[in-house]
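Just below is one structure, and these are the notes that go with it.
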Amino acid sequence: RGFDSPGQLHAEYVVRAPMELDGSLRRDGCVLRYSDTAGSGIPVVFIHGAGADHAMFESQRDVLRAAGFRVVLFDLRGHGASRPNTAAITADVLVSDVEALIAHLGLSRPVLIGLSLGGNIAQRLVRQAPNGYRALGVLDSTWNTGPLSWIERSSLRLAAPLLRLIPARSLAGVMADASAVTEPARAYLRRAFAAISKAEFLRIWRATTEFVEPDSDYRTQLPLLLMRGEMDRTGNIATSMPQWAIAEGVAGVIIPDAGHVVTLDAPELVNAALVAFLRYLT
């Protein structure tokens, strides 16, 4: 069910401008934009976090493609190139969008790799249809079905009102500083968050909270990778992911000197862990 940590690596990373997403899938209210490396390798679908876009996975795309995997990146509705969006953004809609994209591309039992909101979406997909996927990788995301203390429940309920108090002109910077450790990663997040209005971000945040559904009896039925940045202080991730790893009987991977956007703060470590996990599946 698990695998060993890749060790202590360090790297500098410069965030590039987003690559062109040359694929499109029309959905109610928006057109989803995606990139597919194609090929006969195991398909791997990456799902990005709230307020971000596909660019947070470009380093992983290049490395996994070179390792022989088929890699799909896309922008969630209301994010990046999958804008404008005129439909409501809910947990069910986000999940349905990913299912539609997988069907559109004809992917057979892809591996799902999700970060933050992307991890919440991936968990829901696997829980709904475990036979439809090969494995699950969750990066810096809360445990959808994990237990919640009264403090965690209160924090979840108060998060949106607190976000509303942050001036719109400051929101992108505040979120970037809270999510990333390295300056290139923060610069990327400032750009991504600035493309979304405060009202849009609050709607996306509300959709994120809909994924939290405590269920003490549920366990993942697929090979599972749990990874988080050592310095991630977002929500309850620093406590819930270790609890999740214990409950599932897997060895969680902790990436040193990285925050919430671990793929950008420490790409080489993340890449090594992902390649090890995916090769473990073959």
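The values are calculated or read from the model by the stated rules, or taken from the named source; none is laboratory data. For clarity, every value in this text was computed on a predicted model and none was experimentally measured. Ideal geometry is used to build each Cβ from the backbone, glycine not excepted, and the neighbour counts take in all protein chains shown. SASA here: full protein model, heavy atoms, side chains in, ligands and nucleic acids out. Shrake-Rupley method; radii C 1.70, N 1.55, O 1.52, S 1.80 Å.
So that you can scan it fast, the table gives a plain yes or no per residue for (1) loosely packed, with under 14 Cβ neighbours inside 10 Å; (2) touching a Lys or Arg at 6+ places or on another chain (Cβ under 8 Å); (3) closer than 23 Å to Asn131 by Cα:
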residue: Ala180; (1), (2), (3): no, yes, no
residue: Arg191; (1), (2), (3): no, no, no
residue: Leu202; (1), (2), (3): no, yes, no
residue: Ala207; (1), (2), (3): no, no, no
residue: Pro223; (1), (2), (3): no, yes, yes
residue: Val253; (1), (2), (3): no, yes, no
residue: Val275; (1), (2), (3): no, no, yes
residue: Arg279; (1), (2), (3): yes, no, yes
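Helices (runs of 4 or more DSSP H) wholly in the stretch 195-282 with at least 1 residues that are within 23 Å of Thr182 (Cβ to Cβ) and at pLDDT 95 or above - which ones?
Numbers: elements: 198-209, 237-248, 262-265, 267-281.
Those helices (runs of 4 or more DSSP H) span 237-248, 262-265, 267-281.
If we scan the stretch 142-159, do we find a residue that is open to solvent by less than 40 Å² (accessible area, probe 1.4 Å) and assigned to a strand (DSSP E or B)?
No; the residues of the stretch 142-159 include none that is open to solvent by less than 40 Å² (accessible area, probe 1.4 Å) and assigned to a strand (DSSP E or B).
Read through the list (1) among the aliphatic types (A, V, I, L, M); (2) surrounded by fewer than 13 Cβ atoms within 10 Å (Cβ to Cβ); (3) assigned to a loop (DSSP other than H, G, I, E, B), then give the number of the only condition that Ala103 fails.
The single condition Ala103 does not satisfy is (3).
All but one of (1) in contact with a helix residue (DSSP H, G or I) (Cβ under 7 Å, 6 or more places away or on another chain); (2) among the small types (Gly, Ala, Ser); (3) within 17 Å of Val71 (Cα to Cα) hold for Ser108; state the number of the condition that does not hold.
Here Ser108 meets the rest and fails (1).
Report whether or not Arg186 is part of a helix (DSSP H, G or I), basic (Lys, Arg) and more than 18 Å from the chain's Cα centre (by Cα).
The answer is no for Arg186.
Could you grab me the full set of residues in the stretch 26-72 that are more than 27 Å from Pro84 (Cα to Cα) and modelled with pLDDT of 95 or more? Write out each step before concluding.
Residues of the stretch 26-72 more than 27 Å from Pro84 (Cα to Cα): 39-43, 62-70.
Within the stretch 26-72, Gly41, Ile42, Pro43, Asp62, Val63, Leu64, Arg65, Ala66, Ala67, Gly68, Phe69, Arg70 qualify.
So the check is Cβ under 6 Å with 6+ separation or different chains; which pairs have a first residue in the stretch 237-257 that's farther than 17 Å from Leu136 by Cα and among the charged types (D, E, K, R) and a second one that's open to solvent by 20 Å² or more (accessible area, probe 1.4 Å) and modelled with pLDDT under 95?
Once the first residue is farther than 17 Å from Leu136 by Cα and among the charged types (D, E, K, R) and sits in the stretch 237-257, no partner that is open to solvent by 20 Å² or more (accessible area, probe 1.4 Å) and modelled with pLDDT under 95 comes close enough.
Scan the stretch 146-162 and tell me whether some residue there is at pLDDT 95 or above and not hydrophobic (A, V, I, L, M, F, W, C). Please lay out each step first, then the result.
Residues of the stretch 146-162 that are at pLDDT 95 or above, as a first pass: 146.
The next check asks that each one be not hydrophobic (A, V, I, L, M, F, W, C); those that pass are 146.
Yes, some residue in the stretch 146-162 is at pLDDT 95 or above and not hydrophobic (A, V, I, L, M, F, W, C).
List every residue pair whose Cβ atoms sit under 7 Å apart, with the two residues 6 or more apart in sequence or on different chains, where the first one lies in the stretch 76-104 and is under 14 Å from Arg206 (Cα atoms) and the second, anywhere, is assigned to a helix (DSSP H, G or I) and open to solvent by less than 10 Å² (accessible area, probe 1.4 Å).
Gly78/Ile204; Ile89/Ile204; Ile89/Ala207; Thr90/Ala207; Ala91/Ala207; Leu94/Ile121; Leu94/Ala207
Sort out which residues of the stretch 52-66 are of a type in the set (A, V, I, L, M) and in contact with a Pro (Cβ under 9 Å, 6 or more places away or on another chain), and write them in order of number.
Step one: filter the stretch 52-66 for residues of a type in the set (A, V, I, L, M), giving 52, 55-56, 63-64, 66.
Those that are of a type in the set (A, V, I, L, M) and in contact with a Pro (Cβ under 9 Å, 6 or more places away or on another chain): Ala55, Val63.
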